[in-house]
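Reviewing the structure listed below.
A short reminder: the numbers here are calculations on the coordinates, not readings from a lab. All values reported here derive from a predicted model rather than from experimental measurement. Ideal geometry is used to build each Cβ from the backbone, glycine not excepted, and the neighbour counts take in all protein chains shown.
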Amino acid sequence: MATDTRASWAIAVVALCTLAVSFGSPYVSIVALKAIAAETGGQRAIPALANSLAWLGAAVGGIAMGQIAERIGVRWTVAFGATMICLGLILSSYGEIWQLYVGHGLFIGLLGNAGINAPLMIYISKWFERRRGIALAMVSSGQYVAGALWPPIFERMIAAMGWRQAMFVYGLIVASVVVPVALIFFSNPPAEMTAPKPGAPKPVTSAEPVLGLPANVTFGLLIVCNFLCCVPMAMPTAHLIAFCGDVGMTAAKGAAMLSLLLTCAVVSRQLWGLLSDRIGGLRTIMWSSGAQLLAVGAFSLTQDEAGLFMVAAAFGLGYSGLIPAYVLAIRQLFPASEMSWRVPVALLFGGSGMAVGGWLAGYIYDQAGFYAPAFATGLAFNAVNFAIIAFLVWQSRKPAKSRRPDLVPA
């Protein structure tokens, strides 16, 4: 079966829609953050931690689920994951603190989105060769589509029936949509070529240096960078609605602002994907990290409604290129046979950064009483990320026989 075909794009669209539904699950607790906090002692760190556990669980579980999907097929891990998300939302809807933590961390994260996100990213990379960057960008936009689509709907649902019932209902929606879609559409991907084409570059092996450094040192720097960039990435997305309430805006306007942020992220991620196919994943990470750095700094300086809408849009436009660019860079730098563990490990560090960022912003708010110190902390994480990535890009410009020649743009 060939790659980069109409069938490839059809599968990519289905994967995008699957992630858009499954990743709606953490946004219920984001939209209901203040309401949940009011029922759990007034501490925002509690629902923020539940949300963080969902991201962390998805990242940790992705390592095992990536391997399992290689053995039994991605359709089964996706169907299983959707069922676990349903159970996690139902458990969380009962409202006790331990139920929120177990429902989000174990069922929504470790057993739920872990079986969907990392396996689908690996799966989609096998359907494409020439347009892998834009395909990965499109599919990974499912998380942003979820963030753009569901918060306004959840805000209405919570206002009409309460956050507990909203969680319960959405859990049933996830299972009833994703399970049959996975079983019907996610067939086996095209077999990867075992013999290189005449004149093709020799694939790098783990024993060879990458970017002038030992392969695993380069990989280690990449995954640390993924963690560092995801800490500030999570802060506005997890706390924007609550932040808007603190500066006098309604929950509906906060949900609209979050939707704007993530809509801009969906659109710009496709542009970042096109760019990454031209300049490579590593340079795309550097440019997107710089854009996120500027936007996080702007959040620290903005309080008025019009300014916040502009900054939210700029943040969405800037940070959206990061995650698929990491996957693409790893796919370009390391052997295809190692993707089933390298990609999930990278997503683990990214998800861990999202978890830490969401929780840390809530913790700093509880200590300081306002969000500016949290955004300043995120800015520091982002600056370190940019410095390391700039170093790796500088390393990639050095002529080296061991460096992958397909990383250099034509």
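Looking at the stretch 54-156, the trypsin sites (Lys or Arg not before Pro) that sit in a DSSP loop and have at most 13 other Cβ atoms within 10 Å of their own Cβ are R130. Of the residues P119, P209, P236, the one that moves most in a GNM of the chain with alpha-carbon contacts below 10 Å is P209.
Helix 372-396 axis versus longest C-alpha principal axis of the chain: approximately 0°, rounded to the nearest ten.
In a fully extended conformation the segment linking D366 and I72 would gain 101.4 nm over its present Cα-Cα distance, using 0.36 nm per residue. Based on DSSP H segments of at least four residues, each scored -39500 (n - 2.57), the chain has a per-residue ellipticity at 222 nm of -25500 deg cm²/dmol. Each Cα pair under 8 Å and six or more residues apart adds its separation to the average, and for the stretch 1-150 the resulting relative contact order is 38 percent. Split the chain at each of the GluC sites (Glu not before Pro) in a DSSP loop with at most 13 other beta carbon atoms within 10 Å, and the longest piece is 193-410. Projecting the Cα atoms of V74, L56, Q43 onto the charge dipole of the stretch 1-126, computed from C-beta unit charges around the Cα centre, puts V74 farthest toward the positive end.
The phi-based Karplus calculation (6.51 cos²θ - 1.76 cosθ + 1.60; θ = phi - 60°) puts the 3J(HN,Hα) values of the stretch 169-181 at 5, 5, x, 5, 4, 4, 5, 6, 9, 6, 4, x, 4 Hz, whole numbers, x for Gly and Pro.
Phi angles across the stretch 355-360 convert, under the Karplus curve 6.51 cos²θ - 1.76 cosθ + 1.60 with θ = phi - 60°, into 3J(HN,Hα) values of 5, 5, x, x, 5, 4 Hz, Gly and Pro given as x. When Cα extents along the principal axes in Å is computed from the coordinates, the matching label among (1) 91, 52, 33; (2) 68, 61, 55; (3) 64, 45, 32 is (3). Here's how it looks for R131: its modeled amide H is under 5 Å from none belonging to a residue 5 or more places away or on a different chain. Largest mean-square fluctuation among P232, P324, P189, in a Gaussian network model of the chain whose springs join Cα atoms under 10 Å apart, belongs to P189. Looking at the stretch 68-172, the chymotrypsin sites (Phe, Trp or Tyr not before Pro) that sit in a DSSP loop and have at most 16 other Cβ atoms within 10 Å of their own Cβ are Y94. Shown in residue order for the stretch 22-30 are the 3J(HN,Hα) couplings computed by the Karplus curve 6.51 cos²θ - 1.76 cosθ + 1.60 at θ = phi - 60°: 5, 8, x, 4, x, 6, 4, 6, 5 Hz (x for Gly and Pro).
Projecting label points 7 angstrom from Cα along Cα→Cβ for E96 and A376 puts them 4.1 nm apart.
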